[in-house]
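The values are calculated or read from the model by the stated rules, or taken from the named source; none is laboratory data. Not measured: the values here are computed from a predicted model. Every residue, glycine among them, receives a Cβ derived from its backbone with ideal geometry; neighbour counts consider all protein chains shown.
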Amino acid sequence: MYRLRCSGGTKATRFYLHIHDRNRTLRDRDGVGCADLSVARRLAFEIVEELIGDGAWPPNSNSGRHVAIEDSKGQVVARVMLWEVVEHIRR
(Lines give C-alpha, C1' and ligand atoms only; values in the text may rest on other atoms or scores of the structure.)
Protein backbone atom coordinates (compact mmCIF):
# COMPACT_ATOMS: atom_id res chain seq x y z
CA MET A 1 0.00 0.00 0.00
CA TYR A 2 2.63 2.56 1.02
CA ARG A 3 5.65 1.24 -0.88
CA LEU A 4 8.31 3.88 -1.31
CA ARG A 5 11.76 3.95 -2.79
CA CYS A 6 14.60 6.21 -1.80
CA SER A 7 16.81 7.72 -4.41
CA GLY A 8 20.20 9.36 -4.40
CA GLY A 9 23.62 8.36 -3.13
CA THR A 10 25.43 5.20 -4.05
CA LYS A 11 25.63 3.92 -0.48
CA ALA A 12 22.24 3.30 1.10
CA THR A 13 21.30 2.64 4.69
CA ARG A 14 18.24 0.48 5.33
CA PHE A 15 15.52 2.12 7.38
CA TYR A 16 12.20 0.63 8.47
CA LEU A 17 9.17 2.93 8.57
CA HIS A 18 6.64 1.56 11.08
CA ILE A 19 3.17 3.12 11.17
CA HIS A 20 1.83 3.55 14.72
CA ASP A 21 -1.90 4.12 14.87
CA ARG A 22 -3.00 4.36 18.51
CA ASN A 23 -3.25 0.72 19.67
CA ARG A 24 -1.68 -1.01 16.69
CA THR A 25 1.50 -0.94 14.66
CA LEU A 26 1.94 -1.76 10.99
CA ARG A 27 5.54 -2.95 10.76
CA ASP A 28 7.63 -2.37 7.67
CA ARG A 29 9.20 -5.77 7.01
CA ASP A 30 11.16 -4.82 3.90
CA GLY A 31 12.50 -1.39 4.79
CA VAL A 32 13.84 1.15 2.33
CA GLY A 33 17.40 1.95 1.33
CA CYS A 34 18.08 5.66 1.79
CA ALA A 35 21.13 7.85 1.45
CA ASP A 36 20.64 9.18 4.99
CA LEU A 37 18.14 9.74 7.79
CA SER A 38 16.85 13.02 6.33
CA VAL A 39 15.63 11.15 3.23
CA ALA A 40 13.93 8.53 5.41
CA ARG A 41 12.24 11.33 7.42
CA ARG A 42 10.97 12.89 4.20
CA LEU A 43 9.47 9.55 3.16
CA ALA A 44 7.84 9.09 6.57
CA PHE A 45 6.41 12.60 6.24
CA GLU A 46 4.95 11.64 2.84
CA ILE A 47 3.37 8.50 4.36
CA VAL A 48 1.61 10.59 7.02
CA GLU A 49 0.45 13.09 4.36
CA GLU A 50 -0.99 10.21 2.35
CA LEU A 51 -2.76 8.73 5.38
CA ILE A 52 -4.34 12.14 6.06
CA GLY A 53 -5.25 12.61 2.39
CA ASP A 54 -6.84 9.15 2.20
CA GLY A 55 -8.91 9.89 5.30
CA ALA A 56 -7.27 7.06 7.25
CA TRP A 57 -5.88 9.51 9.82
CA PRO A 58 -8.02 12.52 10.70
CA PRO A 59 -5.82 15.56 11.27
CA ASN A 60 -6.13 15.40 15.08
CA SER A 61 -2.82 16.67 16.36
CA ASN A 62 -3.27 15.08 19.81
CA SER A 63 -3.79 11.50 18.64
CA GLY A 64 -0.23 10.24 19.15
CA ARG A 65 -0.18 8.68 15.68
CA HIS A 66 3.25 8.63 14.09
CA VAL A 67 5.73 6.84 11.84
CA ALA A 68 8.75 5.49 13.69
CA ILE A 69 11.98 5.15 11.73
CA GLU A 70 14.20 2.27 12.82
CA ASP A 71 17.72 1.48 11.69
CA SER A 72 18.92 -1.98 10.71
CA LYS A 73 19.69 -2.74 14.39
CA GLY A 74 16.06 -2.18 15.37
CA GLN A 75 16.68 1.10 17.18
CA VAL A 76 14.23 3.96 16.69
CA VAL A 77 16.32 6.80 15.29
CA ALA A 78 13.50 9.26 14.53
CA ARG A 79 9.76 9.75 14.56
CA VAL A 80 7.47 11.77 12.34
CA MET A 81 4.46 12.75 14.39
CA LEU A 82 1.03 13.43 12.93
CA TRP A 83 1.00 16.88 14.58
CA GLU A 84 4.22 17.83 12.72
CA VAL A 85 2.61 17.10 9.38
CA VAL A 86 -0.66 18.82 10.33
CA GLU A 87 1.25 21.96 11.33
CA HIS A 88 3.15 21.90 8.03
CA ILE A 89 -0.06 21.50 6.01
CA ARG A 90 -1.72 24.42 7.83
CA ARG A 91 1.10 26.78 6.87
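Summary table below
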| item | result |
| --- | --- |
| Scope region 33-82; condition farther than 17 Å from residue 18 by Cβ and touching a Lys or Arg at 6+ places or on another chain (Cβ under 9 Å); matching residues | 35, 59 |
| Sole exception among (1) at pLDDT 90 or above; (2) surrounded by fewer than 16 Cβ atoms within 10 Å (Cβ to Cβ) for residue 9, by number | (1) |
| Breaking point among (1) crowded, with 17+ Cβ neighbours inside 10 Å; (2) at pLDDT 95 or above; (3) touching a helix residue (DSSP H, G or I) at 6+ places or on another chain (Cβ under 9 Å), for residue 79 | (1) |
| Selection within region 29-44 - in contact (Cβ under 8 Å) with a residue 24 or more places away in the chain and within 12 Å of residue 70 (Cβ to Cβ) | 31, 32, 37, 40, 44 |
| Out of 67, 86, 48, sole residue that is among the hydrophobic types (A, V, I, L, M, F, W, C), in contact with a Ser or Thr (Cβ under 7 Å, 6 or more places away or on another chain) and either farther than 15 Å from residue 13 by Cα or surrounded by 12 or more Cβ atoms within 10 Å (Cβ to Cβ) (or both) | 86 |
